[in-house]
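Single-structure report; data block below.
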Amino acid sequence: MPVTLRDLLREEGLGLRLCTGTAGLDRVVRWVAVTELADPTEWLTGGELLLTTGLRQRGAAAQTAFVQRVAAAGASGIGFGTGLSHPAVPRATVAEAERQGLAVLEVPYETPFIAVNRLVAERITAEDHSAQRRLVDQHDLLVQALLGGEGLTALLRVLRRATGSEVAVVDRHGVVLAASPERSEALFAELRAAGRPEHLAAGRTGAEVPGGAGPLRLPVQVDGAVAAFLCLRSAGPAADVLPYAVRLVGLELARRQAHLAGRRELVGQVVEDIVRDVIAPATAERRLAAFGLDPRAAHRVVLGRLAPEGAGSGSGSGAGAGAQADGRAADGRGGPEADRRLARLPWLPAEHPDSAEPVLTAVVNRYLVAVLPRSAPVDDLARCLGTALSGLDTRAAVGVGGCYRGVDGLRWSWFEAQAALAKGPGVHGGDPLNLPRLLLSSPDLPLKQLAAEVLRPLTRFDEANRADLVTTLHAYLAADCSVQAVADRLYVHRNTVRYRLDRIERLTGRSLASMQDRFQLWLALLAAYPERQPAVQPQD
């Protein structure tokens, strides 16, 4: 225990005597200082037992002022040595000390100041050694608990005994990963009242709830990002062990994250084979079942994608630019850095093993893939995935496919989710597939390059003459070849539309009266400009 003034009075070898009331006797003595200065406050930091013989305190005014300065500096007490400058402790010193609530101990002539100093130093050293020993013991207990097989649950059990407080680990989504006791309702209620710590998960690493209200929330980092929070109602007597506990929690979460990354890679291999249709259905079902997924049940696919590297916030005006950007984006290929960022993405709430129906996630062709059972709350998970990806890239997109049964259903849902990504940043639901979109979704067909080649005469003419042939062609085909609808949509005369259509036929060498040529041009427009919605809705 720390040494107090009361402890010093009990030391018979020192022969100290209390000259004031008992106020302040339980103050901790952090060090001993000897002074004969009238104003020693410049050399005091607080908590010292100040020893003096009162050499410069000849009058009551000086004695009173000395006590006032010492009390203001936060000293623990005054030890007044008698038998040299003063035969007894001055009355003014005692009176002012009692007013200040400061204890004054008389140090008899027979007791040298060094004896008091040595005893306090020995006690402080012993206390520091004992505290370090306790800290090391607590560290050992935490490590043994973590490595004993129960992981976070056992570690929090030990930490609860050390702090005397309910304790929990809550991930960045607000999901409780472990707690001691397991149902810490009071702590959970305080955490809910304080709000989810999303401001910390976004990168700030403050240790407590803003304003100091509510329980402590200590951020736990994994790979430089906040992945969870160690939460407790109070640190109690074990505040020194908390930084070490936070690091151990981080190690356990890093282990979990590494396990999840490996699982994502394995699941990704299966999903990619299914999408490319390179394995037999029976083999696909067996491999999916190994990950706990019922291959005959209904599932849906959610795809998340970061913006392609080098892509701007807007879309290119020509087919060449569109094809170049989409060549990187349509199949999710955003570059090696996108791979690394997706691999480092922390888990989603539904990925926890103790979730009611945990989802499977994977990284495939630089998409983050989530396979959800029919009963999973797809809207919540899609928003959560969008929030997580937005932390890496504000232009991230999330596409949600439909819910279908079996291995073929997973493939179908994938293509719907992939098509939904073309709608741009944010979370988007997929529309039912049609044949052109199914062709465009295939990464094995060079549709982007072919589209650029087909449309190159038009894009070159538009760039050279500031014309709108591509826009006119898109509007014409989307309007079921209605000249009047295009004229109304583009606010031009019908003869202008006819002139542009004639120019398009001459530049491309294709006839707009031919169904085959019209389909090829329409497919080229869809491949070159997947982000465009039809300029004019088809007529009834």
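The values are calculated or read from the model by the stated rules, or taken from the named source; none is laboratory data. Values in this document were obtained by computation on a predicted structure and should not be read as measured data. Here the Cβ positions follow ideal geometry from the backbone for every residue, glycine too, while neighbour counts run over all protein chains shown.
Only residues that are closer than 20 Å to Ala88 by Cα and of a type outside the set (S, T, N, Q) were counted in the range 14-44, giving 11.
Could you list, in sequence order, all residues of the range 1-50 that are more than 13 Å from Ala75 (Cβ to Cβ), of a type outside the set (D, E, K, R) and part of a helix (DSSP H, G or I)? Leu8, Leu9, listed by residue number. When restricted to residues that are under 17 Å from Gln520 (Cα atoms), crowded, with 18+ Cβ neighbours inside 10 Å and out of contact with any Leu (no Cβ under 8 Å at 6 or more places or on another chain), the range 476-508 contains 2.
Here Asp502, Asp462, Asp540, Asp444 are screened, and the one residue that is assigned to a helix (DSSP H, G or I), modelled with pLDDT under 90 and of a type in the set (Asp, Glu) is Asp462.
Within the range 119-173, the residues that satisfy the criterion of being in a helix (DSSP H, G or I), of a type in the set (D, E, K, R) and modelled with pLDDT of 70 or more are Glu122, Arg123, Glu127, Asp128, Arg133, Asp140, Glu150, Arg157, Arg160, Arg161.
Can you name the residue in the range 473-507 that is touching a Pro at 6+ places or on another chain (Cβ under 6 Å) and of a type outside the set (Gly, Ala, Ser) and, of all such residues, is farthest from Leu450 (Cα to Cα)? My answer is Asp480. Can you pull out every residue in the range 363-389 that is at pLDDT 85 or above, over 12 Å from Arg300 (Cα atoms) and in contact with a Lys or Arg (Cβ under 7 Å, 6 or more places away or on another chain)? Scanning the range 363-389 gives a single hit, Tyr367. Count of the range 221-260 residues, restricted to those that are more than 16 Å from the chain's Cα centre (by Cα), under 25 Å from Arg287 (Cβ atoms) and buried (at least 16 other Cβ atoms within 10 Å of the Cβ), is 1.
Just one residue in the set Val486, Val470, Val497 is without any contact (Cβ under 8 Å) to a residue 40 or more places away in the chain and either touching a helix residue (DSSP H, G or I) at 6+ places or on another chain (Cβ under 6 Å) or not in a helix (DSSP H, G or I) (or both); that residue is Val497. Residue check: Arg99 meets all listed conditions (1) among the charged types (D, E, K, R); (2) within 30 Å of Arg133 (Cα to Cα); (3) more than 48 Å from the chain's Cα centre (by Cα) but one, namely (2). Would you call Leu266 in contact with a Pro (Cβ under 9 Å, 6 or more places away or on another chain) and over 16 Å from Asp408 (Cβ atoms)? So Leu266 fails the test.
Considering the conditions (1) out of contact with any Cys (no Cβ under 7 Å at 6 or more places or on another chain); (2) modelled with pLDDT of 75 or more; (3) surrounded by 19 or more Cβ atoms within 10 Å (Cβ to Cβ), Pro215 is excluded by exactly one of them, (1). Among the residues of the range 420-437, at least one is modelled with pLDDT of 85 or more, out of contact with any helix residue (DSSP H, G or I) (no Cβ under 9 Å at 6 or more places or on another chain), assigned by TED's automatic domain parsing to the domain that holds Val369 and crowded, with 19+ Cβ neighbours inside 10 Å.
When the residues of the range 51-64 are filtered to those that are free of Cβ contacts under 8 Å to residues at least 60 places away in the same chain and not in a loop (DSSP other than H, G, I, E, B), the one that is farthest from Thr82 (Cα to Cα) is Ala61. Of all the residues in the range 1-26, those that are in contact with a helix residue (DSSP H, G or I) (Cβ under 8 Å, 6 or more places away or on another chain), farther than 19 Å from Glu98 by Cβ and either surrounded by 14 or more Cβ atoms within 10 Å (Cβ to Cβ) or not small (Gly, Ala, Ser) (or both) number 6.
Residues in the range 152-174 that are of a type in the set (Gly, Ala, Ser) and either more than 17 Å from Val226 (Cβ to Cβ) or in the same structural domain as Leu389 (by TED's automatic domain parsing) (or both): Ala154, Ala162, Gly164, Ser165.
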